[in-house]
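Each reported figure results from applying straightforward, stated rules to the coordinates on display, with no laboratory input. Worth saying up front: this structure is predicted, and the values here are computed from it rather than measured. A quick note on method: Cβ atoms are made from the backbone with ideal geometry, for glycine too, and the neighbour counts reach across all protein chains shown.
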Amino acid sequence: MIKTVKQRGGLLFEGSDWDFPTLQRIHDACEEIALGELGLDVYPNQIEVITSEQMLDAYSSIGMPLFYRHWSFGKHFAHHEAFYRRGMRDLAYEIVINSSPCISYLMEENNATMQALVIAHAAFGHNHFFKNNYLFKLWTDAEGILGYLEFAKGYIARCEERYGETAVERTLDAAHALMSHGVHRYAGKTKLDLRQEEKREQERRAHEEQVFNDLWRTVPAGHKRSRADISLDKRRAALGLPQDNILYFLEKSAPRLQPWQREILRIVRHVAQYFHPQRQTKVMNEGTATYVHYKIMTRLHERGQIGDGHYLEFLKSHTNVVFQPSYDDRRFSDFNPYALGFAMMQDIERIVTNPTDEDREWFPDIAGRNDPVSVLRDIWASYRDESFVGQFLSPHLIRQWRLFQLHDDPDMLDGILVSAIHDERGYRRIRRQLAREYDIGWTDPGIEVVDVDLAGDRRLLLQHKVLNDWPLDESETKLVLQHLADLWSYDVLLQEIDSSEKVVKEHVAHPRSLFADSRFS
């Protein structure tokens, strides 16, 4: 654990070498600027120095310590290691965990300048964002996550001993396949408290088994009854339908899952829920951390605590981080979240301190307030990527980045239409379209469980609403639907419907008997 000791004056380090007292001095100097000058509010920091192999291991288990075992983590480790050893891929300089204390993993191969950069970036930039952004406050439990992961790791290990590694592995395979459909997208009445999960596990199991038995006892074991015999509204109410959290629905209602399997589904969806805010704040989170590390490193240089050579070394690394390839560059794949986030943070600072007439018209609430850090702290706390871009992407930055909008209509004989240029209407259209690219409600497939045939063959019915003429990928849908059928243990039907509620395509999956036999015998 890093202790807080105020250090001022003189160089924090000389040369590229570092030791733990050096890290202590760097942390304390960064903390003085972050808390005293930038007004950041952070969790206690815990700095861990790890090897490249340990960093690869952290990559493989989605960056979380104390994670349970699964074959896919080993596969990811081998993949990343092969590319790294061949010099075809670099490793991250750090990984930071949204927990309290906030854990920052630093590569031991980093030199002293890089250690200062990543401490400023992770231990203060990311740390502040994790603690203060409303999505993380709503959906995560920083004080409870480490204890919950320890419980989850031990629980799954006990399941492997009791029920066999194969059965547990297949359950995890299916749960991981549905992980992106295992989150609650809307806030409930109470905040998730991971610290109570282990204590409540036995009580919850007993209650859910009783509710589950009462529900499925009404399902006919003999001849079929007419669907009219079972009220559609009552059936859906009993099963909590429609339901877009598919893992939650399976945990509560899958007829043949054992209690330990339901707990595994619960563990996987809790992990998915924990990362849900990060999926919605990539630009803001990285932009915040990059802006903070830039401010801290610049102030360290101004205060004479890092030399000119080390500051130039930092600027080179920083420039690489925020590099944005142009659309015709072979390296272009999408907008670099570090680049876009940092550019927008700097642009907001310009609007607050030195606005133009255009800025005053577009951003009357913040233009000319002359307190950029205060404005940014409010923004960091109150927005996610979609609303952040939709609210604060300025015409100035659109021109600077030379953004425009293309409309690719397959019915157009003349090819692609430039549908938004640099005028007021074009600025708004570009901003609205780019914001939509960060809206998971627009980019993620909207799939809901809508009904179960309780009176017949117990087939599960799901529907996907096709937006913007984007159908589901055929091969991926087949694989994921198979895992869903295996967990449900009966047939599954997925319908793709258009805006007029017309079914345009259907996908069917049947449970695998070998899978069922290995788990339920």
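Considering Cα pairs under 8 angstrom that are at least six residues apart, work out the relative contact order of the range 322-441 and quote it in whole percent.
19 percent
In a shell of Cβ-Cβ distance under 12 Å around VAL503, excluding VAL503 itself, what net charge do Lys and Arg (+1) and Asp and Glu (-1) give?
On the way: positive: LYS465, LYS502, LYS505; negative: GLU496, ASP498, GLU501, GLU506.
Charge balance in the 12 Å sphere: -1.
For a footprinting-style exposure proxy, rank ILE246, ILE497 by other Cβ within 10 Å, fewest first.
ILE497, ILE246
Scan the range 102-138 for chymotrypsin sites (Phe, Trp or Tyr not before Pro) in coil per DSSP, keeping those whose Cβ has at most 16 other Cβ atoms within 10 Å, and list them by number.
Within the range 102-138, no chymotrypsin sites (Phe, Trp or Tyr not before Pro) qualify (loop, at most 16 other Cβ atoms within 10 Å).
Cα centroids of the range 426-489 and the range 304-319: how far apart, whole angstrom?
First find each Cα centre; the distance between them is then 47 Å.
With a sphere of radius 15 Å drawn around the Cβ of PRO471, what net charge do the other residues whose Cβ falls strictly inside it have (Lys, Arg +1; Asp, Glu -1)?
Result for the neighbourhood of PRO471: -4.
What list do you get for TRP442, TRP488, TRP139 if you sort them by fewest beta carbons within 10 Å?
TRP442, TRP139, TRP488
Based on the mean of other beta carbon atoms within 10 Å per residue, what is the order of 36-47, 501-512, 172-183, most packed first? Kindly include the intermediate steps, with their values, before the conclusion.
Details: 36-47: 16.8, 501-512: 13.4, 172-183: 20.7.
The densest-packed peptide leads the list: 172-183, 36-47, 501-512.
Taking other Cβ within 10 Å of each residue's Cβ, how do PHE323, PHE392 sort, fewest first?
Exposure proxy ranking, most exposed first: PHE323, PHE392.
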